[in-house]
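*Asks:* Once you've had a glance at the structure underneath, I'll fire off some questions.
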Amino acid sequence: LHLQVSTSRSPPPGLHLVTKPVYLEESWRLQEADVTDLLEESWRLQEADVTDLLEESWRLQEADVTDLLEESWRLQEADVTDLLEESWRLQEADVTDLLEESWRLQEADVTDLLEESWRRCGDLLLYVRDLNIKIVDLRGKFKKPKLKKVRMSADAMLKALLGSKHTVNMDLRSNLKQVKKEVKE
């Protein structure tokens, strides 16, 4: 294949018109080799740069994640500690308030009960005093009769209690055994 190339440049000295296609092939081969070398160098540099960038990125991300995790744990631990302290303080305050309220209510209830019992005791004492005064008044009006000792048999007593319709004969002495007394010498 002979190519005729019209160039404004003249071929290098020593080359004839017949060698022009060889010159072009050589140029193309050199350009292709240079481009290949340049591409390979570019890819190698880009690959190295990308690898370095990825390693740097991973190192920074790992450091950032580690720092973030440590900071998160520290904050969570501080928050939990603060929350627990706040919770204990509030519970202690609530328990104290509840106990004080309970004591105050119980004291009020006991005070009310004591006042009520004293009032009732006072009322009862007044009632008893009034009854004593009435008893004293009644003693003065009535004289107590003097009672005589009367011997009454069991039959008469039952007859008095049960009435005359019921006749019960009760001989208590008949059921007793008779014991003879021995005389001591």
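*Asks:* Only one of D130, D97 is more than 40 Å from the chain's Cα centre (by Cα) and assigned to a helix (DSSP H, G or I); which?
*Replies:* So the residue among D130, D97 that is more than 40 Å from the chain's Cα centre (by Cα) and assigned to a helix (DSSP H, G or I) is D130.
*Asks:* Let me ask something else. For the condition at pLDDT 85 or above, open to solvent by 90 Å² or more (accessible area, probe 1.4 Å) and of a type in the set (D, E), what is the one hit in E116, E107?
*Replies:* E107
The values are calculated or read from the model by the stated rules, or taken from the named source; none is laboratory data. What you are looking at is a predicted structure, and each value in this text was computed from that prediction instead of being measured. These area figures cover heavy atoms from the full protein model, side chains too; ligands, DNA and RNA do not enter into them. Shrake-Rupley method; radii C 1.70, N 1.55, O 1.52, S 1.80 Å.
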